[in-house]
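J.: First the structure, which I've put down as structure tokens, then a few questions once you've had a look.
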Amino acid sequence: MRVTAKNLSHAFQDDHWLFRDLSFTVESGEMVALTGPSGSGKSTLLGIIAGWIKPTRGTSELVGISRVGWVFQNPHGVARRSALDHVIQPMLAAGAPRREAIKKALDILSSFGLDRVAHEQFHQLSGGEAQRLMLARSLASKPDLLLIDEPTAQLDASSSLTVIAAMGVLAKSGMLVMVATHDTRTRDACHRSIELSEH
Ligand SMILES: Nc1ncnc2c1ncn2[C@@H]1O[C@H](COP(=O)(O)OP(=O)(O)OP(=O)(O)O)[C@@H](O)[C@H]1O
Ligand SMILES: [Mg+2]
């Protein structure tokens, strides 16, 4: 599985290029940061990779990837559903028996440090817990490629560290993880980074 971008350039308006001539290949198991100042086109590049935005020039190709998952900057869950429900839902949707899904979900929640809040409702979770829950749910739905937009922007240092550790768990499971961020700790935790302002 891989993502290959060749000579990508994008401008929403004539001659206002966000980035130019960007080429890279990312393989499964890799966790790669997309970095650059606000407005440099990180979220746009995620959209191009996901296929929602057509680049002005160049190509982005997904090879051997059939499922693409997305974790947005603001975690959105169902307010009155429990954390556990959020994680079992993709497994039930994939046809797993309920008992098995619950057992697996509890394991996943615990690997993200969320066992204590498994039965709390989504609206009772802290920002960092909600963000980790979105990552836990991604693990349960097993995408081949996971696109994450600014997972730590609104978190304090210790919550950021737990979210960063959670992303590492996903990459180790063989997923290809790409994360847009301006947080240097998140960038440093990735295998490598692609800097948009240099293009
Ligand atoms: N659909 C659109 N139409 C026109 N301009 C857009 C559109 N989407 C984004 N832009 C502009 O393109 C630029 C890049 O936006 P983008 O959201 O990709 O930046 P970013 O690097 O993710 O920024 P941030 O760090 O603030 O999230 C911004 O100036 C934005 O206003
Ligand atoms: Mg953005």
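J.: Mind listing whichever residues of region 183-197 are touching a Gly at 6+ places or on another chain (Cβ under 8 Å) and not charged (D, E, K, R)?
T.: Across region 183-197, the qualifying residues are 189, 196, 197.
A quick yes/no check of all residues on (1) part of a helix (DSSP H, G or I); (2) small (Gly, Ala, Ser); (3) within 12 Å of ligand 1 (Cβ to nearest atom):
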| site | (1), (2), (3) |
| --- | --- |
| 23 | no, yes, no |
| 26 | no, no, no |
| 32 | no, no, no |
| 38 | no, yes, yes |
| 43 | yes, yes, yes |
| 53 | no, no, yes |
| 58 | no, yes, no |
| 70 | no, no, no |
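Every residue, every condition in (1) open to solvent by 10 Å² or more (accessible area, probe 1.4 Å); (2) at pLDDT 90 or above; (3) more than 16 Å from ligand 2 (Cβ to nearest atom); (4) touching a Pro at 6+ places or on another chain (Cβ under 8 Å), yes or no:
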position: 156; (1), (2), (3), (4): yes, no, yes, no
position: 159; (1), (2), (3), (4): yes, no, yes, no
position: 163; (1), (2), (3), (4): no, no, yes, yes
position: 166; (1), (2), (3), (4): no, no, yes, no
position: 173; (1), (2), (3), (4): yes, no, yes, no
position: 188; (1), (2), (3), (4): yes, yes, yes, no
position: 191; (1), (2), (3), (4): yes, yes, yes, no
position: 194; (1), (2), (3), (4): yes, yes, no, no
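J.: Same structure again: How many residues are touching a helix residue (DSSP H, G or I) at 6+ places or on another chain (Cβ under 8 Å), within 14 Å of ligand 2 (Cβ to nearest atom), open to solvent by less than 60 Å² (accessible area, probe 1.4 Å) and under 26 Å from residue 188 (Cβ atoms) when one looks only at region 1-55?
T.: 10
The values are calculated or read from the model by the stated rules, or taken from the named source; none is laboratory data. Remember, it's a predicted structure, so these values are computed and weren't measured experimentally. In this analysis, Cβ positions are derived from the backbone assuming ideal geometry, glycine residues included, and neighbour counts consider all displayed protein chains. SASA here: full protein model, heavy atoms, side chains in, ligands and nucleic acids out. Shrake-Rupley method; radii C 1.70, N 1.55, O 1.52, S 1.80 Å.
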